[in-house]
1. Please report the spacing between the Cα centers of region 192-232 and region 50-101 in Å, no decimals.
2. Rg/Rh for region 6-61: what does it come to with C-alpha atoms and Rh from Kirkwood?
3. Under a 1.4 Å probe, what is the accessible area of region 255-296 per residue, stated in Å²?
4. For region 166-259, max minus min Cα coordinate along each principal axis, in Å, sorted largest first?
5. Got a number for carbon plus sulfur as a percent of the chain's accessible area, 1.4 Å probe?
6. So how strong a dipole does the chain carry about its Cα centre when Lys and Arg Cβ are +1 and Asp and Glu Cβ are -1, to the nearest 20 debye?
7. Using only Cα atoms, tell me the angle between helix 406-424 and the longest principal axis of the chain; keep it within 0 to 90° and round to the nearest 10.
8. Kirkwood hydrodynamic radius of the chain from all distinct Cα pairs, in Å?
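The values are calculated or read from the model by the stated rules, or taken from the named source; none is laboratory data. Source: prediction; values computed, not measured. When we count neighbours, we look across all protein chains shown, and the Cβ atoms used for this are built from the backbone with ideal geometry, even at glycine. We work out accessible area using only protein heavy atoms, side chains counted, and drop any ligands, DNA or RNA first. Shrake-Rupley method; radii C 1.70, N 1.55, O 1.52, S 1.80 Å.
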Amino acid sequence: MADKKPTLLIVEDDEGLQAQLKWAYDDFEVVIAGNREAAITALRSEMPAVVTLDLGLPPDPDGTSEGFAVLDAIMELKPDTKVIVASGHGARESALQAIERGAYDFYQKPVDIEALGLIVRRAYNLHLIEQENRRLVASAGEEKTVLGRLITGAPEMVKVARTIERVASTSVSVMLLGASGTGKELLAQGLHDASDRANGPFVAINCAAIPENLLESELFGHEKGAFTGAVKTTEGKIESADGGTLFLDEVGDIPLPLQVKLLRFLQERTIERIGGRKQIEVNTRIVCATHQDLENMIGEGTFREDLFYRLAEIVVRIPNLAERHGDAILLAKAFLKRFSAEMNPAVTGFGPDALASIDAHDWPGNVRELENRVKRAVIMADGKLVNAEDLDFDSGEEEDAEVLNLKAAREQSDRRIIRHALARSEGNISSTAKLLGISRPTLYDLLKQYDLQA
C-alpha cells in the first residue's frame, strides 16, 4: 500500500485558480476551500500541515479582513500549521502583518506555480522536522545512555557508539575526529571500559596543553638527573597506562621529532625514558583524537604519514551537537539535574522559553558550551525554572529568534531546514535534495550560499 500523501489546504475563492493550483501538487492530497467556514471545516477534518491562503476572501474579496480572520482561526486551532498567504498587487504591508500573526511565508499574485510549489514543499519539510523535534523533546525526560555513560537519543551518535563498541574488544588503534567539546575523551573512556583492558588504567593527556619541551618527558618519563630539576625517576604517561589505555587528545600538536619516538613505540612496543639506556616493554593501547585535518598536515609536512596510519587504523568521526537532533534538550536536562543537586536544589527544570532557546541555538562550543551554560543558569536562576535569560545567550541571538526582516528570517529558516535534512540523510546530497523537495543543483547552490557542508 502506497504511503498516504500529505494534505495541502488551498483557501482560494477564484475557481479558475482553484483548478490551476489543485493539479499543480501531485505529491499532496489537495483540499480546496472558498470561504472562511469551509476553510475552518477542512482544517478540523483534514488537519493539513500546510495551507495556502488568499487574504481576499468573500464577503471582503477586495480587502483582507476575512483572510486575516481565517489566519487567526488557524493559528488558534492548529498553531503548528504552516500558512502561506497570497499578497496581491504589491500589498507588502499585508504580507508583513500576516507574518507577525503567525504565517510562515507569503507569495505574490499573479501566482508563479513553480515558485509557490518550492515554498509549499519547504514549509512541509519544516513541519516534519519540527514534528520530529517535538517528539524528541517529549521523550527527553528519560535519560538514554550508550557506552555506559554517554547520554544521547540521536541516531548519529548511537551509530558512533556502536562502532566504538565493535572495535573495543580488538587491539586496533582508534582515532576520534571531532570539533572541540564533542565528547572525545568520554568516548575514549567508553572504549576503554568496553574493552578487555577495563581493569587496567585509563590515562588521558592533552598534547596541546603541554609545552613542547615538556611533552616528551610527560609521555616517555625520565631518569633521575636526566636534566636540571629531574630529582627522581618518573614514569611517563605511556608507561603509567601499561595494561590499559592511553588517550592522546589533540595528537596533531605533537612536534615532529617526538612523532618519530611515538612511532617507534607503536612499532616496537618499547620505550626509553629520557636519560635512560634501557628499553622498557609496555603493553599500552593508544586511542587518539584531534579536531585538526591531519591529512592536510601530512601534505604540509607537519605530521608524519606513517604515524597517521599507525594511529588511524580505525577512524571515528564525531558529529557536532547541532547535528545530534534532540540531544541538546536531553543533555541539558541531565546537566540541570546534576548541577541543581550540587549547587541549587530549588531549581527543578527549564521554562518553555529556555527549552526553545536551547533547541534553536547552534552550539558552536558543542557539549562543553551546553554544560557551562546550564551550570551558570542553575546558579543564576531565581525561581524553580531556568529561563532563557539565565542561559545568557548573546543579545544578537535573542534578536534572531524574533527577526523582523523577512529575508533574514527566510535565510535563518532555510539554514536550519537544510542542516536537519543533511543530518537525517547522513550527508547524502541526493537524499537531502529529495527530502527538501528541490534539485541537487539547487541544493549545491544553497550549501554554497549559506556556507554549509554536506
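1. Taking the Cα centre of region 50-101 as reference, the centre of region 192-232 is 67 Å away.
2. On the way: Rg = 10.6 Å, Rh = 11.2 Å.
Answer for region 6-61: 0.94.
3. On the way: 2220 Å² over 42 residues.
I get 53 Å² per residue for region 255-296.
4. Sorted from largest, the Cα extents of region 166-259 read 45, 29, 20 Å.
5. Numbers: 10970 of 22960 Å².
Its accessible area is 48 percent carbon and sulfur atoms.
6. Values: 52 positive and 73 negative charges, 391 e Å.
Roughly 1880 debye for the chain.
7. 50
8. Values: mean 1/r = 0.0387 Å⁻¹.
Hydrodynamic radius (Kirkwood, Cα pairs) of the chain is 25.8 Å.
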